[in-house]
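What follows is a set of notes on a single structure, which appears directly below.
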Amino acid sequence: MRTPAPSRHAAARLALAFLLAATGTALAEEPYRLGPQDQLEVKVSDLRAGTGEAYQWQAFNGEFTVAPSGQVALPVVGEIEASGRTTTEVAADLAERLRAKAGLAAKPDASVQIVKFRPFYVMGSVEKPGEYDYRPQLSVLQAVSIAGGMQRVPTDILLRFTREAVQARGDIQELSATRLALIARQARLDAEIRDTAITFPTELQSRSKEAEIARILREERLALDTRRAALDAQIVNLKHYKDFLTEQIASLTTKDAKTADQLDVMKSELARITGLVAKGLSAMPRQIEASQTIATLESNRLDIQIAVIRARQDISKADRDILDLKDQRRNVALQESAETRIKLNETEAKLGAAGNLLRQAEITSPAAVLANSEAFAKPDYLILRRRGTKAETLPADEDDLLQPGDVVRVQPRMNAPSPSAAGGASALAGPANDE
């Protein structure tokens, strides 16, 4: 029984399948193209006709590196273009050049092998970004493993948030104590300005049994009493001085009255003596003596009146000094009150900022880290590959194979942050992308 021949369509399908398979094999086995920093081992030998022995060219023993220009410098033949070519092509070119250079009848046997590939690079969210030696059949996942694996950012950030929370709590405690002390100082200065008894706000009075609050209130009361006592002592001294001057004025006034009576008596006596002298009944010296006594009394009375005026001026100056002391103390209190209000506003602003930092460190940012923890387990990979003078960026998977010179960029696959976690997500994504 004869087997029927395949139909024309079946034969066409078989030919197409064979062509596709052959094409796939050719693509899968595409030879490696050399590039700068590749290290090559070159061997050259030829068979001598007279002896039948193989001769090894010793000049080529060693390793040669492809220069940044893409050429490799070899003995005898000089520089050979290597970039973009296979090792087989470089070996054939070398053999042909040696044949021409040495005048050989046949080309020698030349072999070129890669002993060290040019490096590849890993950057982004890995523990140890940098440059690494390439090895054949290297996948993206293997490259990340060589670079220390994915960066353990969530743990590091959570530890950082814990430290920031502890620091923020300490700042809040310190700023809260400073704020209460400033509020108490403001109450004391207000009382000093109004010259009234000190009245603390309800916020402080309700906590007056706490040791720290009680100490603050006690110190402010003591400060107010001390400053008032110092002012009162100065005022009392000035009032005593005024009383002394008032008594002095009274004494001087009495003395002036007595001097005026003596002056009236002496003037009468001078008039009587002048009449006697005119009649020749008294001597001239008595008249002169009486005149001198009157002049002395008038001078003494003038001195007393000047002393009274000066004493009254000193009393007025003492009154002004009392007012100046009060105004000076009030102005100092006003200046301190303004400075205290500024410090209080600054402290409350810092306290609010510290509270926001604490909420960020304890709630918002950790929530964002946990929400995006999967981003570090399933990152995005990009391969930056140079083809000739052009560079291209290719998305990649873990099992994709790398080529020498590739740059692997690893970045977390961030979820869209919620409004409450937006700040934490940005803090998380920031340092991970740019190592």
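The values are calculated or read from the model by the stated rules, or taken from the named source; none is laboratory data. This structure is a prediction, so every number in the text was calculated from the model and none was measured. No Cβ is skipped: glycine too gets one built from the backbone with ideal geometry, and neighbour counts run over all protein chains shown. Accessible surface is based on the protein model in full, side chains and every heavy atom, while ligands, DNA and RNA are left aside. Shrake-Rupley method; radii C 1.70, N 1.55, O 1.52, S 1.80 Å.
Annotations
- Selected residue (only one of 90, 144 is assigned by the TED database to the domain that holds residue 399 and either among the polar types (S, T, N, Q) or open to solvent by less than 50 Å² (accessible area, probe 1.4 Å) (or both)): 144
- Only listed residue being in the same structural domain as residue 235 (by the TED database), among the β-branched types (Val, Ile, Thr), in a helix (DSSP H, G or I) and surrounded by fewer than 16 Cβ atoms within 10 Å (Cβ to Cβ), chosen from 288, 304: 288
- Scanning the range 385-406 for residues that are in a loop (DSSP other than H, G, I, E, B) and either among the aliphatic types (A, V, I, L, M) or in contact (Cβ under 8 Å) with a residue 12 or more places away in the chain (or both) yields 388, 397, 398, 399, 400, 402, 403, 404, 405, 406.
- Enumeration of residues in the range 93-127 that are open to solvent by less than 50 Å² (accessible area, probe 1.4 Å), charged (D, E, K, R) and under 15 Å from residue 80 (Cβ atoms): 93
- Breaking point among (1) open to solvent by 70 Å² or more (accessible area, probe 1.4 Å); (2) among the hydroxyl-bearing types (Ser, Thr, Tyr); (3) in contact (Cβ under 8 Å) with a residue 60 or more places away in the chain, for residue 134: (1)
- Contact annotation: no residue pair with Cβ atoms under 6 Å, 6 or more positions apart or on different chains, pairs a residue in the range 234-261 that is more than 24 Å from residue 297 (Cα to Cα) with a partner that is among the small types (Gly, Ala, Ser) and open to solvent by 30 Å² or more (accessible area, probe 1.4 Å).
- Residue 157, sole failed condition from (1) at pLDDT below 85; (2) part of a loop (DSSP other than H, G, I, E, B); (3) surrounded by 14 or more Cβ atoms within 10 Å (Cβ to Cβ): (2)
- Where residue 177 falls short, out of the listed (1) closer than 30 Å to residue 207 by Cα; (2) surrounded by 15 or more Cβ atoms within 10 Å (Cβ to Cβ): (2)
Listed here are the residues, each with its yes/no results for (1) more than 30 Å from residue 174 (Cβ to Cβ); (2) at pLDDT below 95; (3) surrounded by fewer than 14 Cβ atoms within 10 Å (Cβ to Cβ).
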residue: 311; (1), (2), (3): yes, yes, no
residue: 314; (1), (2), (3): yes, yes, no
residue: 317; (1), (2), (3): yes, yes, no
residue: 324; (1), (2), (3): yes, yes, yes
residue: 328; (1), (2), (3): yes, yes, yes
residue: 331; (1), (2), (3): yes, yes, yes
residue: 336; (1), (2), (3): no, yes, no
residue: 344; (1), (2), (3): no, yes, no
residue: 349; (1), (2), (3): no, yes, yes
